[in-house]
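J.: For reference, the structure I am asking about is given below.
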Amino acid sequence: MDKDFFYNLVKQRQSTRAYDIARMVDREIISRILEAARLAPSACNAQPWHFIVVDDPELKNKVADAASARLLGMNHFTKQAPVHIIVIEEKVNISSGIGGIVKDKHFAFLDIGIAASHICLAAEAEGLGSCILGWFAESKMKKLLNIPDNRRVVLDIVIGYPAQPLREKKRKPTEEVISYNTYT
């Protein structure tokens, strides 16, 4: 395995907010990306996720409308992306559920975060851009996509060919976010 490939992938991956509207994404590529998500680890192997791929242009535009707030300038770029992957929280298994109660952690959200990271890194490996959205009208998404009322829409991950240059990452200094053996 080429470790440099992985670290370069991580360095290159950014939240893409401009997409080449002329280029569609082949479903075979989306299948590979979702296989990476399906294989993601989860607490007690609960796999508390369901993915809905939205690539029909008319439906995709309605989903994009549900993900944007024009007045606030939020997610106005989402119609450019040819694919939306909607991530639904599914029920966890009994081990993960009990563990979550005992440890006061919502393991499903942690697991979905790991799967979302796999999606974004796999998209980057395929030469695609991605952006994880948590801002959307959940009730509109549920209605558009026939999602049951007892399920949560956790994320909308937009994917497409980027139409923006790679930006320099602005991150906190290493010594501010990493310590060894004690919190400093």
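J.: How do the helices (runs of 4 or more DSSP H) wholly within region 105-184 filter down when requiring 3 or more residues that are out of contact with any helix residue (DSSP H, G or I) (no Cβ under 7 Å at 6 or more places or on another chain) and loosely packed, with under 10 Cβ neighbours inside 10 Å: which remain? So that I can check it myself, show each step before the final result.
T.: Details: elements: 107-125, 138-145, 174-177.
Where helices (runs of 4 or more DSSP H) fall fully within region 105-184 and carry at least 3 residues being out of contact with any helix residue (DSSP H, G or I) (no Cβ under 7 Å at 6 or more places or on another chain) and loosely packed, with under 10 Cβ neighbours inside 10 Å, they are 174-177.
J.: On to the next question. Given (1) exposed (fewer than 14 other Cβ atoms within 10 Å of the Cβ); (2) at pLDDT 95 or above, where does Asp55 come up short, assuming only one miss?
T.: Every listed condition holds for Asp55 apart from (1).
J.: I would also like to ask the following. Does Ser95 fit the bill of being hydroxyl-bearing (Ser, Thr, Tyr) and surrounded by fewer than 19 Cβ atoms within 10 Å (Cβ to Cβ)? Give the derivation first.
T.: On the way: hydroxyl-bearing (Ser, Thr, Tyr): yes; surrounded by fewer than 19 Cβ atoms within 10 Å (Cβ to Cβ): yes.
Yes: the conditions hold for Ser95.
J.: Which of the residues spanning region 1-39 are free of Cβ contacts under 8 Å to residues at least 40 places away in the same chain and not in a helix (DSSP H, G or I)?
T.: Met1, Asp2, Ala22, Asp26, listed by residue number.
J.: Please tell me if Ala81 is in contact with a His (Cβ under 6 Å, 6 or more places away or on another chain), within 19 Å of Ile119 (Cα to Cα), open to solvent by less than 30 Å² (accessible area, probe 1.4 Å) and at pLDDT 95 or above.
T.: Details: in contact with a His (Cβ under 6 Å, 6 or more places away or on another chain): no; within 19 Å of Ile119 (Cα to Cα): yes; open to solvent by less than 30 Å² (accessible area, probe 1.4 Å): yes; at pLDDT 95 or above: yes.
Answer is no for this residue.
J.: Give region 58-78 a look and list any residue that's touching a Ser or Thr at 6+ places or on another chain (Cβ under 7 Å) and either surrounded by 17 or more Cβ atoms within 10 Å (Cβ to Cβ) or assigned to a strand (DSSP E or B) (or both), or say none. If you could, list the steps in order and put the result at the bottom.
T.: So in region 58-78, the residues touching a Ser or Thr at 6+ places or on another chain (Cβ under 7 Å) come out as 64, 67-68, 74-76, 78.
Ala64, Ala67, Ser68, Met74, Asn75, Thr78, listed by residue number.
The values are calculated or read from the model by the stated rules, or taken from the named source; none is laboratory data. It should be emphasised that the depicted structure is a prediction, and the values quoted were computed from it without experimental measurement. Methodologically, a virtual Cβ is constructed for each residue, glycine included, from the backbone with ideal geometry; neighbour enumeration extends over all protein chains shown. What goes into the accessible areas is simple: the full protein's heavy atoms, side chains included, and nothing from ligands, DNA or RNA. Shrake-Rupley method; radii C 1.70, N 1.55, O 1.52, S 1.80 Å.
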